[in-house]
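Here's the structure, in structure tokens; my notes come after.
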Amino acid sequence: MVSDTRVVVAQTVPEFGAVSDNRDRTLEIVRSHPEADLVVLPELATSGYVFESAEEVASMAEPRDGETARAWAAVAAETDSWIVGGVPERASGRCYNSAFVVSPEGLEGVFRKLHLWNEEKRWFEPGDRLPVFDAPFGRLGVQICNDLWFPEATITQARRGADLIAVPTNWVPDPGVARESRPAGWTMGVHQAVAHANANRVFVACADRAGVERNVPFEGQSVLLDPNGRPLAGPAPEEGEHVLEADCDLSRARDKSLTDRDDVLADRRPDVYDC
């Protein structure tokens with residue numbers, strides 16, 4: 001495992017339904033950062049988010065060997081980088097809110113969102129696995145947006161040896177909470193990511209989208225956090241496209257000790273937790 005891993009987090013503003021154009025923009029971003037070891041793209045980066053029918057979802061969903069997977073594999077080979085990005089996936093007659101994990105060798109695997117949010121439950125089936133991927137730079141976990149609100153997911157991936165959690169996301173305002181009342185001015189997604197990074201001593205890379213789609217505003221504020229929960233890059237502004245990057249010593253995530261007597265994983269008490 002290399003000591004310095006260049007992680008790039010891309011905040012984009014996709015156009016709903018413009019799959020080819022949105023895909024092309026992700027390719028441009030990857031090509032413009034050839035030094036990256038890992039590029040994280042937003043949730044549903046190729047399609048947009050606010051679907052209104054199953055037919056819309058089906059028209060934009062792709063199989064794991066479809067055009068986006070092939071295009072990302074080609075640019076990954078061109079730049080010698082890994083890519084994690086959100087795509088509506090079609091498989092066995094069902095659709096999933098998925099993230100493709102792509103390396104210079106091709107598609108390494110697919111993560112399907114476990115905890116669907118609101119209207120997503122009308123269009124997508126939930127996933128049922130929490131894989132950790134072995135990359136040349138370290139071990140990579142993936143979650144999508146609402147998965148980050150469930151601490152068991154990060155705990156599980158940390159216990160499985162994940163050094164970094166890549167989080168393609170589409171953060172929207174918390175229901176009933178005014179923006180000006182948010183703690184520290186950050187969207188709650190950033191606070192969740194900070195807490196999970198700190199509690200499990202892992203790097204967390206959240207790639208959000210920005211813009212307004214069918215009257216739904218998105219929060220931006222993509223961020224890259226170290227195992228203490230401190231931002232290495234970002235949070236990005238709420239509006240517009242932004243690319244964050246930082247060198248990460250992923251070996252730091254292998255040390256779970258806080259003091260000589262405290263360890264964030266070894267000190268867990270699953271024997272008394274009601275979950």
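The values are calculated or read from the model by the stated rules, or taken from the named source; none is laboratory data. Since this is a predicted model, take the numbers as computed values, not measurements. For neighbour counting, all protein chains shown are included, and Cβ atoms are generated from backbone atoms with ideal geometry for every residue, glycine included.
Restricting to region 30-54, count the residues that are within 23 Å of residue 172 (Cβ to Cβ) and either touching a Phe, Trp or Tyr at 6+ places or on another chain (Cβ under 6 Å) or surrounded by fewer than 22 Cβ atoms within 10 Å (Cβ to Cβ) (or both). It would help to see each step written out before you state the result.
As a first pass, look at region 30-54 and keep what is within 23 Å of residue 172 (Cβ to Cβ): 40-54.
Checking which are either touching a Phe, Trp or Tyr at 6+ places or on another chain (Cβ under 6 Å) or surrounded by fewer than 22 Cβ atoms within 10 Å (Cβ to Cβ) (or both) leaves us with 48, 50-54.
The total comes to 6.
Scan region 210-227 for residues that are touching a helix residue (DSSP H, G or I) at 6+ places or on another chain (Cβ under 6 Å) and either surrounded by fewer than 19 Cβ atoms within 10 Å (Cβ to Cβ) or not in a loop (DSSP other than H, G, I, E, B) (or both) and report the count.
Keep residues of region 210-227 that are touching a helix residue (DSSP H, G or I) at 6+ places or on another chain (Cβ under 6 Å), which gives 221, 223, 225, 227.
Now restrict to residues that are either surrounded by fewer than 19 Cβ atoms within 10 Å (Cβ to Cβ) or not in a loop (DSSP other than H, G, I, E, B) (or both): 223, 225.
Number of matching residues: 2.
Can you list the helices (runs of 4 or more DSSP H) lying wholly within region 1-101 that have 3 or more residues being touching a Lys or Arg at 6+ places or on another chain (Cβ under 6 Å) and under 19 Å from residue 220 (Cα atoms)?
none
Looking only at region 228-249, which residues are more than 17 Å from the chain's Cα centre (by Cα), touching a residue at least 60 places away in the same chain (Cβ under 8 Å) and not in a strand (DSSP E or B)?
240, 249
So which pairs qualify, if the first residue must be in region 67-78 and touching a residue at least 24 places away in the same chain (Cβ under 8 Å), the second must be in a helix (DSSP H, G or I) and of a type outside the set (Lys, Arg), the Cβ gap must be under 7 Å, and the two must be at least 6 apart or on different chains?
71/27; 75/27; 75/30
Name every residue in region 13-24 that is farther than 12 Å from residue 212 by Cα and not small (Gly, Ala, Ser), in order of residue number. Write out each step before concluding.
Restricting attention to region 13-24, the residues satisfying the condition of being farther than 12 Å from residue 212 by Cα are 17-24.
The answer is 19, 21, 22, 23, 24.
Could you count how many residues in region 132-166 are more than 22 Å from residue 6 (Cα to Cα) and assigned to a loop (DSSP other than H, G, I, E, B)?
The number of residues fulfilling the criteria is 2.
So, of the residues in region 146-168 that are closer than 17 Å to residue 110 by Cα and hydrophobic (A, V, I, L, M, F, W, C), which turns out to be surrounded by the most Cβ atoms within 10 Å (Cβ to Cβ)?
Here the answer is 167.
Within region 173-214, can you find the residues that are of a type in the set (A, V, I, L, M, F, W, C), modelled with pLDDT of 95 or more and closer than 18 Å to residue 149 by Cβ? It would help to see each step written out before you state the result.
Quick first cut of region 173-214, residues of a type in the set (A, V, I, L, M, F, W, C) only: 177-178, 184, 186, 188, 190, 193-195, 197, 199, 202-207, 210, 212.
After this cut, where a residue has to be modelled with pLDDT of 95 or more as well, the list is 190, 193-195, 197, 199, 202-207, 210, 212.
If the condition is that a residue be of a type in the set (A, V, I, L, M, F, W, C), modelled with pLDDT of 95 or more and closer than 18 Å to residue 149 by Cβ, then 190, 193, 194, 195, 197, 199, 202, 204, 205, 206, 207 are the ones that fit.
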